[in-house]
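Colleague: I'd like to ask you about the structure that follows.
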Amino acid sequence: MAARLPQTPLSVGVVRLVGATLIDGTGCPPLADSEVELVDGVIAYAGPRRAAVSSVSSVSSAPSIDLTGAFLMPGFVDAHVHLSMVPGDPETQRSRFAEEHVLETASVLRTTLLAGVTTARDLDGLTPGYRDAIARGSAIGPRLHLAISMLSPTGGHADPVRPNGSLPAWAVRPGMPTPGVVDTDDDVIRTVRELMRMGADAIKVSTSGGVGSPTDDPADAGLPVEHVRLVARLTAERGGRPVTAHALTDAAVRVAVLGGAASIEHGYDLSDETIELMLQHGTVLVPTLSTLLRTLDPATTSPAALADREARQRRGLDSVRRAVAAGVPVALGTDAGVHPHGRNLAELARLVEVGLDPLAAIRAGTLGGARLLGLEEHLGTVEAGKQGDLVVTAVDPLESIGELADSAAVRMVLQAGRVVKDLDGRVPAAL
Ligand SMILES: [Zn+2]
């Protein structure tokens, strides 16, 4: 079974976008004065502007959008987000009604889409109702692939329980999925099958500890290799959903790669041997640099914590730079939720900082993500046959890629050919 394409309502009819410089997501050089034709939401033509449009049927009278002076790219894929994670005091959030959370999450979904992210993979915290509501057209947001919740041992990164048995406020917000705490083969089998029954598109495992979980540390081990293998076998039995691993240490990355994970989230302490192992297995790195490099407030952070953070950032950057230089495939992911929502394309400039050229960074944010999700047949490039997910900007990404961090720099967004953000930066009233 192929990966499920989360649908959004298709536009009906023919739309032509002419005159833009096309950066098609394949990594090929930009094409000036391009033409892209969408028929019923799907790309029918992408290439040099045609002198005379074929007189076949209605095409010649199709509405044409003049994008002269602008840049046209595929809709972006953020392969690591937490869209139900919103800023604010957790105790206050806990006292709210469930509907307030749902509506706030709906607002985050919209913000993310308008920033140019037409597809996102949520790796913990979002339940399938959001994905399905977007597919039905009752909310706007990125097409979604979901892990729903992640797997770790008791006391690991997925386990929110504090030493005294209590739960932190963020863990008991209404609508949060059940954490995937697994210690035995039976736990793994039941939890993975339950996630697949709920409609998970990917399974996320933690092979290291994490930052911010109550009782573990990034250096701690998470799921052992036998359990990662078991997860990979269980997903293979039911349609082949990708397994992805939160892994902060070199040992954790090895466990994930040897266990069959398709991708590594973070990967901040890679040895050259492990990079070699990733190359052998074709493992993708999602370095979430926006989150690694975020600045902490010196007013509320201890000097020791700030120094520790700086050391982690240096190690992380060095690790990712060596992986990129060695040729490990990269997909764009931000950890949005930790990183501010709606600034997803800030990651493009971060990817350039670690050695990708701007075209390769855009490819990591489009085709790279689509491949990781198993959706490259439908998404990730501007080519005939693919969904009409497109982003228009006046910013030249080869010159000023950092400016795309600001959602206002994304002038227009189309999803399945439907304009969800118009050239004035507004959501059309019909949505
Ligand atoms: Zn995350």
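The values are calculated or read from the model by the stated rules, or taken from the named source; none is laboratory data. Everything numeric in this text was worked out from a predicted model, so none of it was measured. Positions of Cβ are generated from backbone atoms using ideal geometry, with glycine treated the same way; all protein chains shown enter the neighbour counts. With ligands, DNA and RNA removed, areas are computed over all heavy atoms of the protein, side chains included. Shrake-Rupley method; radii C 1.70, N 1.55, O 1.52, S 1.80 Å.
Colleague: Helix 272-281 versus the longest principal axis of the chain: what angle, 0 to 90°, nearest 10, using Cα atoms?
Modeller: That works out to roughly 60 degrees.
Colleague: Okay, next question. What figure, in Å² to the nearest 10, do you get for the accessible area of R294 with a 1.4 Å probe and non-protein molecules left out?
Modeller: For R294, solvent-accessible area is about 80 Å².
Colleague: Using θ = phi - 60° and the Karplus form 6.51 cos²θ - 1.76 cosθ + 1.60, what ³J(HN,Hα) does each residue of region 368-383 get, whole Hz, x for Gly and Pro?
Modeller: With the stated coefficients, region 368-383 comes to x, x, 4, 4, 4, 7, x, 10, 5, 5, 10, 9, x, 9, 9, 9 Hz.
Colleague: Can you tell me what share of the DSSP beta bridges in region 76-372 is antiparallel? A percent to the nearest 5 is fine.
Modeller: Given both bridge residues lie in region 76-372, the antiparallel proportion sits at roughly 5 percent.
Colleague: Taking Cα atoms, how many degrees apart are the long axis of helix 250-259 and the longest axis of the chain, rounded to 10 and kept between 0 and 90?
Modeller: That works out to roughly 70 degrees.
Colleague: In the neighborhood of G155, defined by Cβ-to-Cβ distances under 9 Å, what is the net charge if each Lys or Arg adds +1 and each Asp or Glu adds -1?
Modeller: -3
Colleague: What percentage of the solvent-accessible surface of region 307-379, computed with a 1.4 Å probe over protein heavy atoms, is contributed by carbon and sulfur atoms?
Modeller: 48 percent
Colleague: Evaluate E = 1/(1 + (r/R0)^6) for S271 and A62, where r is the Cβ-Cβ distance and R0 equals 60 Å; express this FRET efficiency to the nearest 0.05.
Modeller: Plugging the Cβ-Cβ distance into 1/(1 + (r/R0)^6) gives 0.65.
Colleague: Can you compute the helix-only [θ] at 222 nm over the chain? Use -39500 (n - 2.57) per DSSP H run of at least 4 residues, normalise by all residues, nearest 500 deg cm²/dmol.
Modeller: -9000 deg cm²/dmol
Colleague: With a 1.4 Å probe and every protein chain left in place, tell me how much accessible area F97 has, in Å² to the nearest 10.
Modeller: In the full protein context, F97 sits at about 150 Å².
Colleague: Determine Rg/Rh for region 147-243; Rg is computed over alpha-carbon atoms and Rh is the Kirkwood hydrodynamic estimate from the same atoms.
Modeller: We get a ratio of 0.96 for region 147-243.
Colleague: Compute the acute angle (0 to 90°) between the alpha-carbon long axis of helix 303-326 and the principal axis of greatest extent of the alpha-carbon atoms of the chain; round to the nearest 10°.
Modeller: Helix 303-326 and the main axis of the chain meet at about 50 degrees.
Colleague: In Å², what does the accessible area per residue of region 24-126 work out to with a 1.4 Å probe?
Modeller: Value returned for region 24-126: 42 Å² of accessible area per residue.
Colleague: Calculate the FRET efficiency for L258 and E99 from the Cβ-Cβ distance with a Förster distance of 51 Å, rounded to the nearest 0.05. Before the final figure, lay out the partial values.
Modeller: Working: r = 44 Å, r/R0 = 0.87.
Between L258 and E99 the formula returns 0.70.
Colleague: Can you work out the base-10 log of I(q)/I(0) for the chain at q = 0.06, 0.09, 0.13 1/Å, using the Debye formula on its C-alpha atoms alone?
Modeller: Reported log10 I(q)/I(0), two decimals: -0.24, -0.54, -1.12.
Colleague: Would you check the accessible area of S302, probe 1.4 Å, heavy atoms only, in square angstrom rounded to 10?
Modeller: Its heavy atoms expose roughly 60 Å² to the probe.
Colleague: Please report, as a whole percent, how much of the solvent-accessible surface of region 95-153 comes from carbon and sulfur atoms (probe radius 1.4 Å).
Modeller: So the carbon and sulfur contribution to the accessible surface is 58 percent.
Colleague: Post the alpha-carbon centroid distance, region 89-119 to region 293-351, in whole angstrom.
Modeller: The distance from the Cα centre of region 89-119 to that of region 293-351 comes to 23 Å.
Colleague: Right, next: Rounded to the nearest 0.05, what FRET efficiency do A325 and V427 give with R0 = 41 Å and r taken as the Cβ-Cβ distance? Could you check?
Modeller: Computed FRET efficiency for A325 and V427 comes out at 0.50.
Colleague: While we're on this one: If you average over every viewing direction, what projected area does the convex hull of the Cα atoms of region 280-368 give, in nm²?
Modeller: 6.3 nm²
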